[in-house]
Amino acid sequence: MHILFVMFVVFQIVYIFLPLIKERPNREPLKLKSEDEKGLTILVPAYNEELVIEKCCTSLIHVDYTHYEIILINDGSTDQTLLKLKELLHLEPYDRSCNNKLQYGRIKSFYHSLIYPNVYVIDKENGGKADSLNAGIDYSMNDIVITLDADSLLEKDSLKYISCAFESQKVIAVGGMVHIIQGFVNDNGTLKPSLKNTNALIKHQIIQYLDGFCLNKYTHSCLNAITVIAGAFGAFKKDVLFNVGGFRKTVGEDMDITLKFQKYIKLNNQKERMLFIPEAICYTQCPEDFKNLMNQRFRWQRAFIDCIIYYWNDLFNNFSFLTSMYLLFDSFILGTLVSFSTILIPLLILILPNSGVRALIILFLTSFCTALLQDTAILFVMRRFEYKFSLKDYIRFIGFAIFECFTYRCMGIIYVVFGTISYFINTHGWKEIERVQFNLKTR
């Protein structure tokens with residue numbers, strides 16, 4: 001128990017202080033000339049996304065970039081997704097050859113937009129997200145492939161940051177920053193962070209995303225130990241995607257493909273690397289009720305359990321030492337196994353009152369203090385990347401962060417425990433998050 005406690009403290013210290021002391025890299029993508037842009041293909045798998053697909057398309061069409069194409073993959077939708085795309089894009093059948101290097105479901109039709117020359121649509125039989133991405137990769141024309149969720153919106157300069165990251169031949173994959181759109185307002189055409197009129201559940205998720213990306217992924221990137229490039233916004237070299245066999249059909253295709261790339265790096269003598277680029281921003285819509293939030297978090301945990309089982313024999317063999325350390329000790333032992341032991345504390349209190357109460361107090365104080373330090377670090381780190389609140393929002397953030405430490409954050413134990421159990425009940429279960437139409441608030 002003492003060893004686990006020390007391990008927990010060490011990991012949290014690294015997560016908190018490494019992003020604080022690490023200087024922001026000097027990236028100047030706005031000076032990138034169109035002739036120097038990397039060729040990018042953006043893939044957007046869509047299954048029953050009629051409520052959000054139009055805003056996603058509009059966002060992609062108006063990014064500040066020249067050398068890119070968009071491929072939207074309709075994965076056998078049963079709603080009006082394909083009809084929406086036809087109306088929005090004015091589609092016509094188009095003949096394009098594919099690479100025939102990956103496996104995926106039958107392609108019904110391939111379309112080209114009459115009004116946007118760089119936009120294409122694949123209409124295929126339903127096969128799941130990984131299947132759709134494999135189809136898109138096979139039909140892509142550029143060397144770098146970006147995966148994007150259908151409810152994601154890209155910041156106009158994001159693709160320039162992605163392109164600049166791939167200037168190094170050693171970089172084979174890049175993850176972008178994912179912000180929750182409900183935490184922003186439209187200020188004369190510019191999105192600015194705001195906590196005004198956001199409920200507690202959304203504030204909780206905003207803090208979680210900032211923690212997960214600004215601290216965890218930032219740290220993993222600095223240590224060459226990225227374990228998940230978020231499916232909402234990731235970029236990959238196509239030749240490596242072919243080399244590793246594309247995406248595996250699983251509940252967590254984003255973690256799976258990241259670990260495939262880590263394995264590829266290890267087997268290629270660690271010459272390549274993956275990066276997290278906080279300046280490359282996309283916005284996503286988070287669940288707005290507990291039902292959908294639990295479905296999402298249960299799925300995330302099932303995805304982790306699936307990958308840890310699938311890649312168990314690769315730990316310390318086909319992954320780097322630090323990648324294996326974070327997967328085994330931070331994510332599995334401290335993240336999953338300790339969660340199961342934590343829910344037994346009430347039973348320990350009944351059996352051994354003194355020991356149980358002492359364990360509960362130590363656990364609470366440690367978790368509370370590290371959570372507050374993390375939330376404080378987030379504010380300092382994000383200011384480097386122009387994520388700044390108003391004075392009133394800083395007060396709201398700090399006040400809610402204190403409250404969140406011993407309320408909403410405790411729900412993470414429930415997500416982990418029941419998400420793990422649900423994996424063994426229904427390994428490949430996938431409960432869709434209900435989409436709602438979202439209108440951005442104005443300041």
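The values are calculated or read from the model by the stated rules, or taken from the named source; none is laboratory data. Note that the structure is a prediction, hence the values are computed from the model and not measured. Using ideal geometry, Cβ is built from the backbone for each residue, glycine included, and neighbour counts are taken over all protein chains shown. Side chains included, ligands, DNA and RNA excluded: accessible areas come from the protein's heavy atoms. Shrake-Rupley method; radii C 1.70, N 1.55, O 1.52, S 1.80 Å.
Among the numbered criteria (1) in contact (Cβ under 8 Å) with a residue 12 or more places away in the chain; (2) closer than 23 Å to Phe242 by Cβ; (3) under 25 Å from the mean Cα position of the chain (by Cα), which one does Ser168 miss?
In the conditions (1) in contact (Cβ under 8 Å) with a residue 12 or more places away in the chain; (2) closer than 23 Å to Phe242 by Cβ; (3) under 25 Å from the mean Cα position of the chain (by Cα), Ser168 misses (1) alone.
Let's see how each residue does on (1) under 19 Å from the mean Cα position of the chain (by Cα); (2) of a type outside the set (S, T, N, Q); (3) open to solvent by less than 10 Å² (accessible area, probe 1.4 Å); (4) within 30 Å of Phe406 (Cβ to Cβ):
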site: Gly128; (1), (2), (3), (4): yes, yes, no, no
site: Tyr139; (1), (2), (3), (4): no, yes, no, no
site: Leu148; (1), (2), (3), (4): yes, yes, yes, no
site: Val174; (1), (2), (3), (4): yes, yes, yes, no
site: Gly189; (1), (2), (3), (4): no, yes, no, no
site: Lys196; (1), (2), (3), (4): no, yes, no, yes
site: Phe213; (1), (2), (3), (4): yes, yes, no, yes
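Would you mind telling me which numbered condition in (1) in contact (Cβ under 8 Å) with a residue 24 or more places away in the chain; (2) open to solvent by 40 Å² or more (accessible area, probe 1.4 Å); (3) within 27 Å of Thr336 (Cβ to Cβ) Asp256 fails?
Result: Asp256 fails condition (2) only.
Looking only at residues in the stretch 374-410 that are under 23 Å from the mean Cα position of the chain (by Cα) and surrounded by fewer than 17 Cβ atoms within 10 Å (Cβ to Cβ), which one is modelled with the lowest pLDDT?
Result: Glu386.
When you check Leu259 against the structure, is it in contact with a Cys (Cβ under 7 Å, 6 or more places away or on another chain) and either of a type in the set (Gly, Ala, Ser) or modelled with pLDDT of 95 or more (or both), yes or no?
yes
Kindly indicate whether Thr81 is more than 30 Å from Ile362 (Cα to Cα), free of Cβ contacts under 8 Å to residues at least 12 places away in the same chain and polar (S, T, N, Q).
For Thr81, the condition - more than 30 Å from Ile362 (Cα to Cα), free of Cβ contacts under 8 Å to residues at least 12 places away in the same chain and polar (S, T, N, Q) - is not met.
Would you please list the contacts, defined by Cβ atoms under 9 Å and residues six or more apart or on different chains, that run from a residue in the stretch 98-121 that is farther than 17 Å from Glu54 by Cβ and free of Cβ contacts under 8 Å to residues at least 24 places away in the same chain to a residue that is open to solvent by 40 Å² or more (accessible area, probe 1.4 Å) and not in a loop (DSSP other than H, G, I, E, B)?
Once the first residue is farther than 17 Å from Glu54 by Cβ and free of Cβ contacts under 8 Å to residues at least 24 places away in the same chain and sits in the stretch 98-121, its partners that are open to solvent by 40 Å² or more (accessible area, probe 1.4 Å) and not in a loop (DSSP other than H, G, I, E, B) give Ser109/Pro93; His112/Glu92; His112/Pro93.
Check whether at least one residue in the stretch 284-305 is touching a strand residue (DSSP E or B) at 6+ places or on another chain (Cβ under 7 Å) and either modelled with pLDDT under 95 or over 22 Å from Asn268 (Cβ atoms) (or both), and report yes or no.
Within the stretch 284-305, one or more residues are touching a strand residue (DSSP E or B) at 6+ places or on another chain (Cβ under 7 Å) and either modelled with pLDDT under 95 or over 22 Å from Asn268 (Cβ atoms) (or both).
Which condition number does Val357 fail, the rest of (1) modelled with pLDDT of 95 or more; (2) open to solvent by 20 Å² or more (accessible area, probe 1.4 Å); (3) not polar (S, T, N, Q) being met?
Result: Val357 passes all but (1).
Here are some residues: Val228, Val240. Which one is modelled with pLDDT of 95 or more, of a type in the set (A, V, I, L, M) and open to solvent by 10 Å² or more (accessible area, probe 1.4 Å)?
Going through Val228, Val240 in turn, the sole match is Val228.
Provide a single number: the residues in the stretch 150-163 that are open to solvent by 10 Å² or more (accessible area, probe 1.4 Å) and farther than 16 Å from Gly231 by Cα.
5
Given (1) open to solvent by 40 Å² or more (accessible area, probe 1.4 Å); (2) in contact (Cβ under 8 Å) with a residue 60 or more places away in the chain, where does Thr66 come up short, assuming only one miss?
(2)
Quick grid of which residues meet (1) open to solvent by 30 Å² or more (accessible area, probe 1.4 Å); (2) within 16 Å of Asp138 (Cα to Cα); (3) among the charged types (D, E, K, R); (4) more than 26 Å from the chain's Cα centre (by Cα):
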position	(1), (2), (3), (4)
Gln80	yes, no, no, yes
Glu87	yes, no, yes, yes
Ser97	yes, yes, no, yes
Ser109	yes, yes, no, yes
Tyr120	no, yes, no, no
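For the stretch 21-38, what are the residues that are modelled with pLDDT of 85 or more and surrounded by 15 or more Cβ atoms within 10 Å (Cβ to Cβ)?
Once the filter is applied, which keeps residues that are modelled with pLDDT of 85 or more and surrounded by 15 or more Cβ atoms within 10 Å (Cβ to Cβ), the stretch 21-38 yields Glu37, Lys38.
Just to be sure I understand, how many residues within the stretch 377-413 are among the β-branched types (Val, Ile, Thr) and without any contact (Cβ under 8 Å) to a residue 12 or more places away in the chain?
Of the residues in the stretch 377-413, 2 are among the β-branched types (Val, Ile, Thr) and without any contact (Cβ under 8 Å) to a residue 12 or more places away in the chain.
Can you name every residue in the stretch 243-253 that is without any contact (Cβ under 8 Å) to a residue 60 or more places away in the chain and either in contact with a Pro (Cβ under 9 Å, 6 or more places away or on another chain) or open to solvent by less than 10 Å² (accessible area, probe 1.4 Å) (or both)?
Answer for the stretch 243-253, where residues must be without any contact (Cβ under 8 Å) to a residue 60 or more places away in the chain and either in contact with a Pro (Cβ under 9 Å, 6 or more places away or on another chain) or open to solvent by less than 10 Å² (accessible area, probe 1.4 Å) (or both): just Gly252.
Test Val178 against the criterion of being more than 21 Å from Asp64 (Cβ to Cβ) and either among the β-branched types (Val, Ile, Thr) or at pLDDT 95 or above (or both), and give yes or no.
No: the conditions fail for Val178.
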